[in-house]
Amino acid sequence: VMTDERMPEMSGSILIGAVSSVRPSLPIVLMTGYLSETAAKKKYGAVADVVLKKPLSMTDMANGMAQLFT
């Protein structure tokens, strides 16, 4: 699952909680633009396997996805 923290009607972390309750082993990437990368990892690292800071480049996205499989 790749999600953003800021979405209409539901935050990414709430979505992650709902998805994880159904399928806890599903890899999750959370993107956010409101915190530094370090702060985002501290805040969301417990719910997401990878936390990416926006704006993202294609390389950032590829590296984030690669982290799930290494």
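Miscellaneous remarks
- Student exercise, the chain dipole from Lys, Arg, Asp, Glu Cβ charges, in Debye to nearest 20: 140 debye
- Between residue 69 and residue 9, residue separation times 0.36 nm minus the direct Cα-Cα distance comes to 18.5 nm.
- In the full protein context, the chain carries 66 Å² of accessible surface per residue, based on a 1.4 Å probe and ignoring ligands, DNA and RNA.
- Modelled this way, with points 7 Å down the Cα-to-C-beta line, the labels at residue 61 and residue 36 are 2.7 nm from one another.
- Heavy-atom accessible surface of the chain: percent carbon and sulfur, 1.4 Å: 60 percent
The values are calculated or read from the model by the stated rules, or taken from the named source; none is laboratory data. Keep in mind that this is a model prediction, so the values were computed, not measured. Positions of Cβ are backbone-derived with ideal geometry, glycine not excepted, and every protein chain shown enters the neighbour counts. For accessibility, only protein heavy atoms count, side chains too; no ligands or nucleic acids. Shrake-Rupley method; radii C 1.70, N 1.55, O 1.52, S 1.80 Å.
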